[in-house]
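To keep things clear, I will list the structure first and then write my remarks on it.
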Amino acid sequence: MRLLVLVPHRDAVTELRREKPQLFSEGFLGAYSFPLAAPLAALSAPLSIDALKDAAKLVRRQLRETGGTDAKITGERRDTVPLCDEYSILGYALSLAPPPLNDAIVLQYFSKIVLCETLVPVSCPQHLAKSFCGFKPHPESAAIITQSVSDRTLAEWDPLSSPPFSAGKISFRAAALANMVIRPLGPKLSFEWKVGALVWLGR
């Protein structure tokens, strides 16, 4: 699968990177299956550097129109968005819309821009989605937690305010666009991926 992704500067997501080992140990087996990035669109071919630069300009213009020259990308709550038939992306829903791209290579725009903290299977009860994300779950966004987490953990878990997930909001200005390729390796939630050259949004 080829994707166009938004990649925050590593300093902007330090806390989220530190959570990865605990997420994995708590049963989120997809914590390392996808980078800390937000997919914007699925592509049939990678974007050229010039096309990435044009897309980055459009994203920056979008931010300026909504928040001025110092506008930041923000995430106030967690959500899910389907990545494929079996897995969804779980993380902060970002205040962003995909930039318009060349229709000839766009297979799909993602309906929500979600910064991936972990991949989760699309097979979990909707009440978990509601209690986790604080939103009315939809059939395509009910994936929240892997089946390896115990019932006792589920009963006591309030992930919006306690580990393994941090509470609060995220906000960052420094981010880049990049091509990304991801493919399954066979075992459940086992993927290999590569992020291409970063094109920074600029100011």
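The values are calculated or read from the model by the stated rules, or taken from the named source; none is laboratory data. If you're wondering where the values come from, they're calculated on a predicted model, not measured in any experiment. So basically every Cβ, Gly included, is an ideal-geometry build from the backbone, and we count neighbours across all protein chains shown.
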Exercise for the section: Answer with yes or no whether Val81 is in contact (Cβ under 8 Å) with a residue 12 or more places away in the chain, crowded, with 21+ Cβ neighbours inside 10 Å and either of a type in the set (Phe, Trp, Tyr) or outside any helix (DSSP H, G or I) (or both). Expected result: no
Completion exercise
For strands (runs of 3 or more DSSP E) lying entirely in the range 90-180, having 3 or more residues that are closer than 26 Å to Ala45 by Cα and at pLDDT 85 or above picks out 106-109, 114-121
Problem - Test: Arg203 is in a strand (DSSP E or B), at pLDDT 50 or above and not aliphatic (A, V, I, L, M) - result: no
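Results for (1) among the acidic types (Asp, Glu); (2) buried (at least 20 other Cβ atoms within 10 Å of the Cβ), shown as yes or no for each residue.
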{"position": "Pro21", "(1), (2)": "no, no"}
{"position": "Tyr32", "(1), (2)": "no, no"}
{"position": "Pro35", "(1), (2)": "no, no"}
{"position": "Leu47", "(1), (2)": "no, yes"}
{"position": "Asp54", "(1), (2)": "yes, no"}
{"position": "Gln62", "(1), (2)": "no, no"}
{"position": "Ala71", "(1), (2)": "no, no"}
{"position": "Ser88", "(1), (2)": "no, yes"}
{"position": "Pro100", "(1), (2)": "no, no"}
